[in-house]
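To keep things clear, I will list the structure first and then write my remarks on it.
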Amino acid sequence: MINVLFVCLGNICRSPMAEAVFRDVLDKASLSNEVTVDSAGTGDWHIGKPPHEGTRNLLGQRGISYEGMKARRVCEADYSNYDYIVCMDSQNERDVQQWLPKQGEIRAKVIRFMDLLPERGFADVPDPYYTGNFEEVYELVEAGSRRLLEKIVTNNSAT
């Protein structure tokens, strides 16, 4: 079993969108039983809240479930429970790297989401909480999710 955690700032826009879209990609590839997916935030402002209305609306229009998703914050156990921690922007990546436990098992490989899409030419997934452009984020998340699945399948040939 491969475990993936998507991380953004508040865990209400980008990372829950990535979680839902990646689950959908896994379902369509018949790999839902091989890969688990979750999301978290580096901030604690929205803990327990569902995804942002813009994220919910966009996912709903595309028939992608976000049922049961609630914001949570990255915790120490995530570093040993996940194989990939995929950060939506440079600041999230710095925060996640800075919080790496000083001892104990560290299983997770921390990567920046846009490193999956180097041809796009920018480092960060824009935050629609501030830009309002949920469509742009969806397009990046969908393309990046397919690329992440290719990476996982290549790196874990048993999948």
* List the relative contact order of the stretch 76-159 as a percent without decimals, with contacts defined as Cα pairs under 8 Å and 6+ residues apart. => 26 percent
* Structure fact -> Relative contact order of the chain (C-alpha contacts under 8 Å, at least 6 apart) in percent is 26 percent
* **Within the chain, helix-based [θ] at 222 nm, where runs of 4 or more DSSP H residues each add -39,500 (n - 2.57), nearest 500** => -12000 deg cm²/dmol
* Using a cut-off of 20 Å between alpha-carbon atoms, which lysines can reach LYS28, once sequence neighbours fewer than 8 places away in the same chain are excluded? -> LYS151
* To do: Taking the Cα centre of the stretch 76-159 as origin, work out the dipole magnitude from +1 charges on Lys and Arg Cβ and -1 charges on Asp and Glu Cβ, in debye rounded to 20.
  => 380 debye
* Asked: What whole number of Å gives the distance from the Cα centroid of the stretch 87-159 to the Cα centroid of the stretch 1-66?
  -> 12 Å
* **Fraction of accessible area attributable to carbon and sulfur, the chain (%, probe 1.4 Å)** => 45 percent
* Under a point spin-label approximation (7 Å from Cα along Cα-to-Cβ), what is the ARG107-ARG94 distance to one decimal in nm? -> 3.0 nm
* Asked: Quick one, what does Rg over Rh come out to for the stretch 1-87 if you take C-alpha atoms and the Kirkwood Rh?
  -> 0.96
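The values are calculated or read from the model by the stated rules, or taken from the named source; none is laboratory data. Computed from a prediction, not measured in an experiment: that's the story for all the values here. When we count neighbours, we look across all protein chains shown, and the Cβ atoms used for this are built from the backbone with ideal geometry, even at glycine. For accessibility, only protein heavy atoms count, side chains too; no ligands or nucleic acids. Shrake-Rupley method; radii C 1.70, N 1.55, O 1.52, S 1.80 Å.
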